[in-house]
Amino acid sequence: MQAQAVNSPKERTYTLQFWLLCASSYLFFASFNMIIPELPDYLTSLGGEDYKGLIISLFTLTALISRPFSGKLTDRIGRIPVMIIGAAVCFVIGFIYPMITTVAGFFALRFIHGFSTGFKPTGTVAYVADIVPYQRRGEALGISGVFGTIGMASGPAIGSQIKLWYSMDVMFYTSSALAILSILVLIGMKETLAKPEKFRLEHLKINRNEIYDPSVIAPSIVMFFTVFSFGMVLTVVPDLSKHLGMENKGVFFTVFTVSSLLVRILAGKASDRYGRERVLLVATLLYAAGMFVVGIAGSVFMLLTGAVLFGLGTGMNSPTIFAWTADLCKDENRGKAMATVFIALEFGIMMGALLSGWIYANKAENFMITFWTGGFFAIIAFLFLMIKLVRKQQTTN
């Protein structure tokens, strides 16, 4: 694979490579998200209903552990090989789920499945930052995020519908099919790392200074406190949807991700113009509002209203944080910097899933306190950003 020139303002911002990457992102996110709404019932059928919090937390734990490796490999062997590794995991795991008959086997598979999101998004965000000029970075990450968001939106609803029409096994096999299509798109793309190395075992040796990039601690902190509520949503919303009489448990996920589409590109542009922190202040408040509304939802209408607010916050949060990360890091450490923020993302989701499983405890009366806890974590992110902005203004004056 040949390296291509990057970040030249005179070149077209959105090339064929960019749109191919977007297509691959859609297929990848649809692949692993389409099974999520049905996993709580699937685990219950295996006898593990008391361990629903581990469905998401084990998945994200592996993603978290793998981030330093995917970040280093992204900066060494290239963006595309790392993306292929991530999608390949989804392809293989989708065929194994139907073979699992025990709770322990299910959780072992969830643990392995997490390697997919530990690799694919790291390479994707680094690739976008490579091929887009600095002054369009927020916008470009917003656009590329739209395709991932569409995958997240359509995947759960499609997966649940396939399960209703056919079977759980067909849903898993469809997940694998989308993953292999994601890989096929990547094969035709050009590598953007200037001098990719051949893979060597020493690439898997991680030194202490390769675990995280200290220059992106601020966006990592915001990421952790905002996605905490996302771990709660993934774990508990399927049960809340069922409690409120929604047969298709993927509808909430579709509504919140479609809502995020409405603001992703605009939020990216706004962060390019007005600053990352200011846009994130609005995002954190929307996150909190969404969680508070979901917590008191006594009807499908209220639940979906909360989904809209949560989706608007998500749509503003993601592209802005990644653009902020790309702003702060050195070009040669871009993979490590993106991996650092993803570590915060995975850790936040994991802790949110674990805590929500413990607070909820399969009792409907605990829905409110579960989601309100997520809302308070978003408020912490808001306060952190406010303090940071005040200090910046004091330094400037």
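Brief remarks follow.
- Residue within segment 207-227 that is within 25 Å of Tyr42 (Cβ to Cβ), part of a helix (DSSP H, G or I) and of a type outside the set (S, T, N, Q) present: yes
- Segment 79-137, residues that are among the hydroxyl-bearing types (Ser, Thr, Tyr), open to solvent by less than 10 Å² (accessible area, probe 1.4 Å) and closer than 17 Å to Tyr42 by Cβ: Tyr97
- Of all residues in segment 157-174 being without any contact (Cβ under 8 Å) to a residue 40 or more places away in the chain and not aliphatic (A, V, I, L, M), the one that is nearest to Met99 (Cα to Cα): Ser167
- Filtered residue count, segment 30-61, keeping only those that are in a helix (DSSP H, G or I) and either touching a Pro at 6+ places or on another chain (Cβ under 8 Å) or over 12 Å from Ile349 (Cβ atoms) (or both): 19
- Between Phe342, Phe371, the distinction of being open to solvent by less than 70 Å² (accessible area, probe 1.4 Å), more than 16 Å from the chain's Cα centre (by Cα) and aromatic (Phe, Trp, Tyr) belongs to Phe371 only.
- Tally, over segment 228-269, of residues that are of a type in the set (D, E, K, R) and either under 21 Å from Met338 (Cα atoms) or outside any helix (DSSP H, G or I) (or both): 4
Each row is one residue, and each column tells you yes or no for (1) part of a helix (DSSP H, G or I); (2) surrounded by 24 or more Cβ atoms within 10 Å (Cβ to Cβ); (3) touching a helix residue (DSSP H, G or I) at 6+ places or on another chain (Cβ under 7 Å).
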{"site": "Phe147", "(1), (2), (3)": "yes, no, yes"}
{"site": "Ile150", "(1), (2), (3)": "yes, no, yes"}
{"site": "Ala153", "(1), (2), (3)": "yes, yes, yes"}
{"site": "Ser160", "(1), (2), (3)": "yes, yes, yes"}
{"site": "Ala177", "(1), (2), (3)": "yes, no, no"}
{"site": "Val185", "(1), (2), (3)": "yes, no, yes"}
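- Among residues of segment 232-278 being touching a residue at least 12 places away in the same chain (Cβ under 8 Å) and basic (Lys, Arg), the one that is most open to solvent (accessible area, probe 1.4 Å) is Arg278.
- First in segment 204-220 and under 20 Å from Ser66 (Cβ atoms), second anywhere and open to solvent by 90 Å² or more (accessible area, probe 1.4 Å) and outside any helix (DSSP H, G or I), Cβ under 8 Å, 6 or more apart: Ser220/Tyr212
- Every residue from segment 190-229 that is modelled with pLDDT of 85 or more, of a type in the set (A, V, I, L, M, F, W, C) and open to solvent by less than 50 Å² (accessible area, probe 1.4 Å): Val216, Ala218, Val222, Met223, Phe224, Phe225, Val227, Phe228
- For segment 308-325, the candidate set comprises residues that are among the aliphatic types (A, V, I, L, M) and either open to solvent by 20 Å² or more (accessible area, probe 1.4 Å) or touching a Gly at 6+ places or on another chain (Cβ under 9 Å) (or both); within that set, the residue that is farthest from Val258 (Cα to Cα) is Ala323.
The values are calculated or read from the model by the stated rules, or taken from the named source; none is laboratory data. None of the values given here were measured: they were computed from a predicted structure. Neighbour counts are summed over all protein chains in view; Cβ atoms, including those assigned to glycine, are modelled from backbone coordinates with ideal geometry. Surface areas here come from the heavy atoms of the whole protein model, side chains and all, with no ligands, DNA or RNA. Shrake-Rupley method; radii C 1.70, N 1.55, O 1.52, S 1.80 Å.
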